[in-house]
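Q: Pasting a structure below so you can have a look.
All of the numbers you see were taken from the coordinates with simple rules; none came from a lab. Bear in mind the structure is a predicted one, so any value in this text is a computation, not a measurement. Methodologically, a virtual Cβ is constructed for each residue, glycine included, from the backbone with ideal geometry; neighbour enumeration extends over all protein chains shown.
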Amino acid sequence: MKQPLISILIPFKNTELFLRECINSIINQTYSNWELLIIDDHSTDKSYDLVEDYANKDKRIKLYKNDGSGIINALKLAFSKSKGDYITRMDSDDIMSEIKLEILINNLLQHGQSYIATGLVHYFSKEGISDGYRKYEAWLNSLTLNGSNYSEIYKECVIPSPCWMINRADLLAIDAFNPTRYPEDYDLAFRFYQANYKVLACDTVLHYWRDYGTRASRTDINYAENSFIDLKLHYFLKLEYDSSRPLVIWGAGKKGKTVAKKLIANNVDFDWICDNPKKIGKHIYEKEMKAFKYLETLDNFQSIINVANKDEQAIIRKYFSKLNKESMHDYFFFC
């Protein structure tokens, strides 16, 4: 029986230093029936020439130049040129485990449509990995181990952008890469969630994620903090918000204030609480800060939590448990 064709989509820009390792890791996959649609997003180094050399030697590698600009346009072009029944993404500066494609496709073939296959990730860097990235890796992998990724989708992107695979029909059903909304990987994860595609658990490291100072996620304005908050609120208001229920914002730090300002701009009414006695009773943006126990006076509320400290988050979860409130229905952690 012939193996299904997998289309691998890669945008690249000025990643000459890393492309060889990336492409070699694809060529060395244990699963061989793939095509690589690789799009040059206006590189100014020798990246294009390097990839062209690979494409001349391996007919599975198909090189194009972006007819627009940016990752989303590059992904649209790559997808339009693809022929595979299964679609996956890859970053041009990263490395695949040699069994990555085999594991992902076998998981999808076993379960059928309306599923997302993913795997564990591991950050690496010559300069060493920051504590923040290590924590993100551990958090993301803890979700993937049991397929509970959506349970914390309002915190951060819960599907690693270069480590997922999906049936082509499922990707088309959610409009593929057509929405021009950044961060594009987080937006796609929300559309997987909205479509109720199940995330398949995985206990194997399939992707090696390279970190360095000029990586797009560190430097591109489209991945700034406010872009993430805009995206979270967009989907919260679309998928979760119930205007018949009181909405309460918990936390008056930087993120809490940003969320409050954006809700005001969208004419969404809310109450504002915190557990900082220095702020209780004061007014911010003409909203009175109330003590968190104000929640006990409300019936059937929804709450957005903007408290980042992990110990405090644990206390808040226990508090909501005592109130018989359910995560992702009654309260949502935004950080």
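Q: A 24 angstrom limit on the alpha carbon distance is what I want to check against. Which of K65/K135; K155/K325; K254/K290; K65/K126; K255/K278 exceed it?
A: Listed pairs above 24 Å: K65/K135; K65/K126.
Q: Same structure, new question: For the chain, which span is the longest to avoid every loop-located (per DSSP) member of GluC sites (Glu not before Pro) having at most 13 other Cβ atoms inside 10 Å?
A: Value returned for the longest uninterrupted segment is 128-285.
Q: Same structure again: For n ≥ 4 DSSP H runs only, could you compute -39500 (n - 2.57) per run for the chain, divide by its residues and tell me the 222 nm figure to the nearest 500?
A: Taking each H run of at least 4 residues, the total per residue is -10500 deg cm²/dmol.
Q: May I ask which residue of G256, F192, S243 lies farthest towards the positive end of the charge dipole of the stretch 169-327, with charges of +1 (Lys, Arg) and -1 (Asp, Glu) on Cβ and the Cα centre as origin?
A: Among G256, F192, S243, the one farthest towards the positive end of the dipole of the stretch 169-327 is G256.
Q: Taking the Cα centre as origin and putting +1 on Lys and Arg beta-carbons and -1 on Asp and Glu beta-carbons, what dipole magnitude results for the chain, to the nearest 20 debye?
A: So the magnitude is around 540 debye.
Q: If the reach is capped at under 13 angstrom between alpha carbons, list the aspartates and glutamates near K198, excluding any in the same chain fewer than eight residues apart.
A: Straight-distance partners of K198: D170.
Q: Sticking with this structure for a sec: In percent, what relative contact order does the stretch 240-333 have, based on Cα pairs under 8 Å that are 6 or more apart in sequence?
A: Relative contact order comes out at 32 percent.
Q: Here is a follow-up. So what are the ³J(HN,Hα) numbers for the stretch 263-277, from phi and the Karplus equation (6.51, -1.76, 1.60; θ = phi - 60°), rounded to whole Hz, Gly and Pro as x?
A: Working through the residues one at a time gives 5, 4, 5, 8, 6, 9, 6, 7, 9, 10, 10, 7, 10, 9, x Hz.
Q: While we're looking at this one, here's another question. What list of ³J(HN,Hα) couplings, whole Hz, do you get for the stretch 159-175 from phi and the Karplus terms 6.51, -1.76, 1.60, once you set θ to phi - 60° and write x for glycine and proline?
A: Couplings: 10, x, 4, x, 9, 8, 9, 8, 5, 3, 4, 5, 5, 5, 5, 9, 6 Hz.
Q: For the stretch 118-158, run through the trypsin sites (Lys or Arg not before Pro) and keep only the ones in DSSP coil with at most 10 other Cβ atoms within 10 Å of their Cβ.
A: Those that pass, being in a loop and sparsely packed, are K126.
Q: Check D45: other-chain or 5+ apart residues with amide H under 5 Å from its amide H, H built from backbone geometry?
A: N14
Q: Tell me, what is the percent relative contact order of the stretch 1-111, built from C-alpha pairs under 8 Å that lie six or more residues apart?
A: The value is 42 percent.
Q: Once amide H atoms are placed 1.01 Å from N in the peptide plane, what residues at a sequence separation of 5 or more from S303, or on another chain, have their amide H within under 5 Å of its amide H?
A: When sequence neighbours closer than 5 places are left aside, the close amide H contacts are V248, Y331, F332.
Q: State the three equivalent ellipsoid semi-axes of the chain, derived from the C-alpha gyration tensor as the square roots of 5 times its eigenvalues, in descending order and whole Å.
A: Taking √(5λ) for each eigenvalue gives 40, 21, 18 Å, largest first.
Q: Between L298, L145, L200, where does the largest GNM mean-square fluctuation fall for the chain, given springs only between Cα atoms within less than 10 Å?
A: Answer for the Gaussian network model of the chain: L298.
Q: Of Q110, G128, I27, whose Cα points farthest to the positive end of the dipole of the stretch 26-179 (charges on the beta-carbon: +1 Lys, Arg; -1 Asp, Glu; origin at the Cα centre)?
A: Q110
Q: Per residue of the stretch 40-54, in order, report the coupling 6.51 cos²θ - 1.76 cosθ + 1.60 (Karplus, θ = phi - 60°) as ³J(HN,Hα) in whole Hz, putting x for Gly and Pro.
A: 7, 9, 6, 5, 10, 9, 9, 4, 4, 4, 4, 5, 4, 5, 5
Q: Sort the stretch 247-335 into rounded, prolate or oblate with this rule: let a ≥ b ≥ c be the square roots of the eigenvalues of the Cα gyration tensor; rounded if a/c is under 1.5, and if a/c is not under 1.5, prolate when a/b is larger than b/c, oblate otherwise.
A: Rounded is the answer for the stretch 247-335, as its axis ratio a/c remains below 1.5.
Q: For the Cα atoms of the chain, what angle does the longest principal axis make with the long axis of helix 16-27, in degrees from 0 to 90, nearest 10?
A: Around 70 degrees separate the two axes.
Q: Mind checking the dipole of the stretch 226-335: about its Cα centre, +1 per Lys or Arg Cβ, -1 per Asp or Glu Cβ, Debye to the nearest 20?
A: 440 debye
Q: Take every DSSP beta bridge whose two residues both sit in the chain, then give the antiparallel share in percent to the nearest 5.
A: 20 percent
Q: Now, a different point. For Y133, put the label point 7 Å out on the Cα→Cβ axis and report which residues of the stretch 145-177 keep their amide N under 17 Å from it.
A: 157, 160-163
Q: Using +1 at the Cβ of each Lys and Arg and -1 at the Cβ of each Asp and Glu in the chain, identify which of T15, W272, S47 lies farthest towards the dipole's positive end.
A: So the residue furthest toward the plus end is W272.
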